[in-house]
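The values are calculated or read from the model by the stated rules, or taken from the named source; none is laboratory data. This structure is a prediction, so every number in the text was calculated from the model and none was measured. Because the Cβ atoms are built from the backbone with ideal geometry, glycine has one as well, and the counts that use them run over all protein chains shown. Just the protein is used for accessible areas: all its heavy atoms, side chains included, with ligands, DNA and RNA removed. Shrake-Rupley method; radii C 1.70, N 1.55, O 1.52, S 1.80 Å.
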Amino acid sequence: MRALLSSGSNMGDARAHLRTVADEFAGELVAASSIYATAPWGKTDQPDFLNQSLLVDVDNTPRELLARCQDLEQRANRVREERWGPRTLDVDIVWIEGYTSNDPELTVPHPRAHLRQFVLQPWLEMDPDAELNGVRVAALLADVDDQGVRKL
């Protein structure tokens, strides 16, 4: 199953946290984006985030993939104290090829992916022909205001 994962961190050694995600999926990696610095969204009085997306081919079910992502967050001591607050590691399943779910625990495609430059820009970098809900990612990105995303 092909999936797009988006990881982010703005606490501790953010690059090392992102590297744990890439290491976890190294044998299943189709493509990895560059790392991007992203201004915080929602709650702006915190450090910038580092973000990276991975395109992976996994043998997991969507629920098993979610468990792997949550395990990575737990190993990074992720604490969920406030929405959009600082975090050691956030790993989101953005898209799974041929799969949709409206389950609150696993909503795929990610319900805000089309609004997030830090998701769309790395995805476009990895797959210029990518589509989300039948719309080219390039077109979605063109409609998103600049959100302070900078390729490092």
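Before moving on, here are some points about what is shown:
- Total formal charge among the other residues, if their Cβ is under 14 angstrom from that of Val58, Lys/Arg +1 and Asp/Glu -1: -4
- Taking only protein heavy atoms and a 1.4 Å probe, the accessible area of the range 60-152 is 46% carbon and sulfur.
- Candidate values (i) 18.2; (ii) 16.4; (iii) 15.5 were compared with Kirkwood radius over Cα pairs in Å computed on the shown model; the agreeing label is (iii).
- Given charges at Cβ of Lys, Arg, Asp, Glu: the range 33-152 dipole, positive-most of Ser101, Leu140, Pro86: Pro86
- Going by accessible surface with a 1.4 Å probe and the largest first, Leu115, Leu132 read Leu115, Leu132.
- Each of Ala26 and Asp48 was given a label point 7 Å from its Cα along the Cα-to-Cβ line. The distance between the two points is 2.8 nm.
- Annotation for the range 111-140: trypsin sites (Lys or Arg not before Pro) lying in DSSP loop with at most 16 further Cβ atoms inside 10 Å of their Cβ are Arg112.
- Fully extending the segment from Asp103 to Asp143 would add 11.7 nm, taking 0.36 nm per residue of separation and subtracting the current Cα-Cα distance.
- The trypsin sites (Lys or Arg not before Pro) of the range 1-47 meeting both criteria, a DSSP state outside H, G, I, E and B (loop) and at most 16 other C-beta atoms within 10 angstrom of the site's C-beta, are Lys43.
- In Å², nearest 10: area of Leu72 left accessible to a 1.4 Å probe: 10
- Where the chain is the region considered: accessible area per residue in Å², 1.4 Å probe: 52
- Computed per residue of the chain from DSSP H runs no shorter than four, each worth -39500 (n - 2.57), the mean residue ellipticity at 222 nm is -8000 deg cm²/dmol.
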